[in-house]
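**Student:** Before we start, here is the structure in question, set down as structure tokens.
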Amino acid sequence: MHLFLLVALLFNSIVLFGQSNVPQAILAENGLSLNFPAGFHKGVAISAFQNGGERYGLSNWGFFEETFIHANAKTMFGPAIKGGQKVGVAADFWNRAFDDIQLLKELGCNAFRFSVEWAEIEPEQGVFNEEVLAFYEQFCKELIRNDIIPMVTLHHFTHPQWFEDLGGWTNAENNLLFVNFAIRVFDRLSEYVPFWCTINEPTVVAACGYVLGIHPPGKCLDFKTSGTVLYNLLNAHVQTYHALKARKNGANVQIGIVHQMLQAEPFDPNYSSLYFVGKMRELMGMPLANFLNSSFAHDVTKEFLRSGSFEYHMPLVGVHISEYNANAVDSYDFVGLNFYSKVIFGPGPTCYNHQYMTDMDYPARSETIYDAIVEMSELGKPIYVTENGVADKADIRRAGFIVDYLAAVRRAVFDGYDVRGYYYWTFMDNFEWNDGYDMKFGLYYVDYKTQKRTLRNGALPFKYLFTVG
Ligand code: BGC
């Protein structure tokens, strides 16, 4: 019987009999435990902005919320932020982070990935907020006291608006401002933090901010700037890596980049004539399709990490960027892989009959995370799955999604691929960028009026199906 059916049966009976604790032994007896090697990271991931919004500083996203929603007419791809939603205090991270450590323990996590919020730490250029730095320091210490490894992300989509006003990532000279911030944080936290992610998803920043216009600064179809931003972000990673490695504790910690494998393929002709529709769309949509559908940005990024050469060519719109940075090759101790699915394009996002779409309009396809791991292993570095998860408001898909994806990751581990951790996205419901609060990725449901957290039934496989040993 399919693993998911077994799990569904088991968890239905848990709900029916009102039991909330399923001994690991019962799962194991049913062949339902997924054992990973000792030391494997079992974690959840968040970003501070998505979970707590902003308090002291103004970030590029805060500015975007205030200004850009009025300019929706200029966005070719629909509203920049659905319904003009704003982050507010989100899941109240700044006040509840310490209490939530108990929830991490309840899930059985031994690792936690979170970001430091640049706009909070350096609200004005060169002015650092000691209170926020102390908050992070105490928080890391508390995680360690609870046997939870902190993994810190230095840039997760947001940065101070003052940085954006200087041109942000469009200006290569600004990279040093980020490096300077990173050093400040690193010197404060490196004693407690063994895992560091420099930049979260450079390809997504470039695509959403400069091609789709759904993230700040809200530019559409500006392929040239998108390419420049991608290059500057990748270089910022390289510069940060080498700068941090030279600091005290630098040699003892692991520093990586987090890459989202954005991939897509047209609907398969063996399944339906929709293939031709998908193919037509792909051709007509060039170069947008080139950018997204044919995994262009992914290929460019991977090649940069492999060889240091950055070849970004879009002949149809006359964009050619050719750069080389010899320091890129040795600029990461691990690869952070964010992976959700490989999108299928028919007349719109779609899936085959045996699959299902998630609330985010991508299909659940656990086999594709295996393929992603195989591909990223070509870089020859350990891989941490730094994000994987499902938006599922009805909570009917989450359990199956987790079981299937974890089984695929486990298969990769036991086939010899060097995967060292899995972080589910996300710990609890939070602000899903341009989708606002409509998307529910959380293992914990959050009632935003009371801030009460409730573990979803669909989260139970994450809690139990993950033994270490
Ligand atoms: C981002 C997260 C986001 C998640 C789900 C990733 O691209 O790093 O911030 O919430 O995907 O869409």
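**Student:** Looking at (1) within 20 Å of the chain's Cα centre (by Cα); (2) more than 23 Å from Ala372 (Cα to Cα), find the lone condition where Tyr405 falls short.
**Tutor:** It is condition (2) that Tyr405 fails.
**Student:** Of all residues being surrounded by fewer than 21 Cβ atoms within 10 Å (Cβ to Cβ) and not aliphatic (A, V, I, L, M) in segment 173-187, which is nearest to the chain's Cα centre (by Cα)? Just the residue, please.
**Tutor:** Asn175
**Student:** Here are Arg398, Arg420, Arg453: which of them is in contact (Cβ under 8 Å) with a residue 12 or more places away in the chain, touching a Pro at 6+ places or on another chain (Cβ under 6 Å) and closer than 24 Å to Ala48 by Cα?
**Tutor:** Exactly one residue qualifies, and that residue is Arg420.
**Student:** Within segment 188-223, how many residues are more than 15 Å from the ligand (Cβ to nearest atom) and modelled with pLDDT of 95 or more?
**Tutor:** 9
**Student:** When you go through Gly218, Gly227 one by one, which is the residue that is among the small types (Gly, Ala, Ser), in contact (Cβ under 8 Å) with a residue 12 or more places away in the chain and not in a helix (DSSP H, G or I)?
**Tutor:** Testing whether each residue is among the small types (Gly, Ala, Ser), in contact (Cβ under 8 Å) with a residue 12 or more places away in the chain and not in a helix (DSSP H, G or I) leaves just Gly218.
**Student:** I've got another one for you. Within segment 421-440, does at least one residue satisfy the condition of being under 15 Å from Ile46 (Cα atoms), touching a Leu at 6+ places or on another chain (Cβ under 8 Å) and away from the ligand (no atom under 14 Å from the Cβ)?
**Tutor:** So far as segment 421-440 goes, yes, one or more of its residues are under 15 Å from Ile46 (Cα atoms), touching a Leu at 6+ places or on another chain (Cβ under 8 Å) and away from the ligand (no atom under 14 Å from the Cβ).
**Student:** Residues that are open to solvent by less than 40 Å² (accessible area, probe 1.4 Å), touching a Cys at 6+ places or on another chain (Cβ under 6 Å) and assigned to a helix (DSSP H, G or I): does segment 188-196 have at least one?
**Tutor:** yes
**Student:** Keeping to segment 401-444, report how many residues are assigned to a helix (DSSP H, G or I) and either closer than 23 Å to Val205 by Cβ or aromatic (Phe, Trp, Tyr) (or both).
**Tutor:** 6
**Student:** Something else now. Do you know which residues across segment 93-122 are outside any loop (DSSP other than H, G, I, E, B), more than 29 Å from Phe163 (Cβ to Cβ) and open to solvent by 10 Å² or more (accessible area, probe 1.4 Å)?
**Tutor:** Once the filter is applied, which keeps residues that are outside any loop (DSSP other than H, G, I, E, B), more than 29 Å from Phe163 (Cβ to Cβ) and open to solvent by 10 Å² or more (accessible area, probe 1.4 Å), segment 93-122 yields Asp99, Gln102, Leu103, Lys105, Glu106.
The values are calculated or read from the model by the stated rules, or taken from the named source; none is laboratory data. Note that the structure is a prediction, hence the values are computed from the model and not measured. Note that we place each Cβ from the backbone using ideal geometry, even for glycine, and neighbour counts take in every protein chain shown. To get the accessible areas, we keep the full protein, side chains included, count just its heavy atoms, and leave off ligands, DNA and RNA. Shrake-Rupley method; radii C 1.70, N 1.55, O 1.52, S 1.80 Å.
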